[in-house]
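Read the structure below first, then the notes.
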Amino acid sequence: MLTTEKTKTNSSAARDGAPRKVPQQELAELIRRVVREQPVRDLHTHLYPPTFGTPFSGSARDRDASGLMLWGIDELLTYHYLVSEVYRVVTTRQLPYESFWRMTKREQADHIWKNLFLERSPISEACRGVLTTLERLGLDVESRDLDSYRRWFAEQDPSEHIDRVMQLGGVSRITMTNAVFDDNERRRWLDNARVGDDSRFAAVLRFDPLLRNWPSAAEQLAGWGYAVSDELNDKTVEQARQFVRDWIDRMRAIYCAVSLPPDWRYEGGDDQRLSSVVLRKIVLPVLAERDMPFAMMIGSKLRVNPGLRDGGDMVGLADVASVARLCADFPANRFLCTMLARENQHELAVAARKFGNLMIFGCWWFVNNPSLIDEITRMRVELLGTSFIPQHSDARVLDQLIYKWDHSRELIARVLVDKYGDIAASGWQPSEQEIRRDVQLLMHGNFENFLGAGAK
């Protein structure tokens, strides 16, 4: 009798135009296909369009040595992940850091290719990422012919290459990170009012020194014409707020962001008092006024090994309780947050269950490895359902968008196959329409919705 009633119910639903439930044997392939097909809005990268200059171009006359748009095989091979990795196998006695940094970009890439790809199998995630990128671009990975890869990239037009990479990575829009206290970048915004006009890219105002070193930031603001002082009096607060407003407007930023060390504490001791005051009196009031989120990336210890430059940063345990207090104290503000330490991920996900104004996102840097992406994504789904943002690329080289999203989609799909399978086993058979709705939220909609009407 139960089977008959269930059959009647399903037949009635079909006649009423309800979504067709997906048979169990088709479910896994459908989920993988939906995840592959869903365009993603990449919420955090360090990428730029050609208007910011490119140090590599098919035409020598178009090259800009200080340009910010990084792309091509030599940039892929000299990414700081691989610089750190090569020093695992070539000691500083064999090649001192200063000797490596005196090499040309091409020489550095040759050195890394030789030691990590030819003399050892490239099985680390960073090495594998280079191979995935080359293969997806249609290059012959089996040939191991670095010069042929260079020739291919040299033939590409930078702007057209962006379109190709975005299509292969399934990325609908790229979110930049625009550091206003970086002289090179700030000059480009000031010298060219249209520098940020490329519709493929959205800007994010990043101002780490405001929170990490207020006296130094105040000195710079004063030099830029803002009447501020070390003392956070009413005049300084209003002038600093105006600085944030001015740069939000100039960049047309969609959110503001900072990177913070693991020992950062909201309302911490005397050494962190200024950081909390700047956040409470300057940053968060402006963002509430503009209806914009504030992103915090917490957990990087800078230059633990300065010889490695960008590759010399380390991970540390952050304070989730500070994030929770901010969410509680500023309910009119919205907070995006990612943390670097694996040990922080569970507590951060639990905090997100308690505060609707907290959106956790991505597997950042040292946790952007397949085993940890799988673990963290499973835990987040189990605690938060579909109400988080599973990944961002954090790409610094344009071509990395391809492998970072290829690899992440595979892992996200694997988790969803298991989780939809679990509810199907309980009798709740998801439809294709429902699966597409959920995947759209995870890969695009949650970020879009969290931005707010004023920042899209």
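The values are calculated or read from the model by the stated rules, or taken from the named source; none is laboratory data. Treat the numbers as computed from the prediction; the structure is a model and nothing was measured. Cβ atoms come from the backbone with ideal geometry, glycine included; neighbour counts cover every protein chain shown.
Consider segment 195-209. How many of its residues are assigned to a loop (DSSP other than H, G, I, E, B), touching a residue at least 40 places away in the same chain (Cβ under 8 Å) and within 20 Å of the chain's Cα centre (by Cα)?
Going through segment 195-209 one residue at a time, the tally reaches 6.
Determine which single condition N192 fails, assuming it passes every other condition in (1) of a type outside the set (S, T, Y); (2) over 23 Å from the mean Cα position of the chain (by Cα); (3) under 19 Å from L77 (Cα atoms).
Of (1) of a type outside the set (S, T, Y); (2) over 23 Å from the mean Cα position of the chain (by Cα); (3) under 19 Å from L77 (Cα atoms), only one is false for N192: (3).
For K114, which of the numbered conditions (1) modelled with pLDDT of 95 or more; (2) crowded, with 19+ Cβ neighbours inside 10 Å; (3) not aliphatic (A, V, I, L, M) fails to hold?
(2)
Quick one: is W365 surrounded by fewer than 19 Cβ atoms within 10 Å (Cβ to Cβ) and at positive phi?
When the stated conditions are applied, W365 passes them.
What residue, among those in segment 81-111 that are aliphatic (A, V, I, L, M) and crowded, with 18+ Cβ neighbours inside 10 Å, is nearest to the chain's Cα centre (by Cα)? Break it down into steps so the answer makes sense when it comes.
Pass one, segment 81-111, residues aliphatic (A, V, I, L, M): 82-83, 86, 89-90, 95, 103, 109.
Keeping just the survivors that are crowded, with 18+ Cβ neighbours inside 10 Å gives 82-83, 86, 109.
On the way: L82: 18, V83: 20, V86: 24, A109: 24 Å.
Taking the candidates together, the pick is L82.
So for segment 246-253 (the condition being more than 21 Å from T45 (Cβ to Cβ) and not small (G, A, S)), does at least one residue qualify?
The answer is yes; a qualifying residue exists.
Considering (1) over 29 Å from M339 (Cα atoms); (2) surrounded by 15 or more Cβ atoms within 10 Å (Cβ to Cβ), say which one Y255 fails and leave the rest.
With respect to (1) over 29 Å from M339 (Cα atoms); (2) surrounded by 15 or more Cβ atoms within 10 Å (Cβ to Cβ), Y255 is out only on (1).
Regarding segment 163-171, can at least one residue be identified that is closer than 25 Å to D42 by Cβ, assigned to a helix (DSSP H, G or I) and among the basic types (K, R)? Don't jump to the end; show me each part of the working.
Of the residues in segment 163-171, the ones closer than 25 Å to D42 by Cβ are 163-171.
Now drop any that are not assigned to a helix (DSSP H, G or I), which leaves 163-169.
Cutting the leftovers down to among the basic types (K, R) gives us 164.
Within segment 163-171, one or more residues are closer than 25 Å to D42 by Cβ, assigned to a helix (DSSP H, G or I) and among the basic types (K, R).
Rundown of residues vs (1) farther than 25 Å from G452 by Cβ; (2) assigned to a helix (DSSP H, G or I), yes/no style:
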site	(1), (2)
L326	no, yes
I376	yes, yes
V397	yes, no
H407	yes, yes
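For (1) surrounded by 22 or more Cβ atoms within 10 Å (Cβ to Cβ); (2) aromatic (F, W, Y); (3) touching a Pro at 6+ places or on another chain (Cβ under 6 Å), each residue gets a yes or a no:
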{"site": "Q391", "(1), (2), (3)": "yes, no, no"}
{"site": "S408", "(1), (2), (3)": "yes, no, no"}
{"site": "V417", "(1), (2), (3)": "no, no, no"}
{"site": "D422", "(1), (2), (3)": "no, no, no"}
{"site": "E432", "(1), (2), (3)": "no, no, no"}
{"site": "L442", "(1), (2), (3)": "yes, no, yes"}
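Out of all the residues in segment 62-87, which are out of contact with any helix residue (DSSP H, G or I) (no Cβ under 9 Å at 6 or more places or on another chain) and not aliphatic (A, V, I, L, M)?
Within segment 62-87, R63 is the sole residue that qualifies.
Please determine, by comparing only the residues of segment 145-185 that are acidic (D, E) and within 30 Å of D246 (Cβ to Cβ), which one is surrounded by the most Cβ atoms within 10 Å (Cβ to Cβ).
Here is the first cut: in segment 145-185, the ones acidic (D, E) are 145, 147, 155, 157, 160, 163, 182-183, 185.
Restricting the remaining residues to those that are within 30 Å of D246 (Cβ to Cβ) gives 182-183, 185.
Values: D182: 13, D183: 10, E185: 20.
Here the answer is E185.
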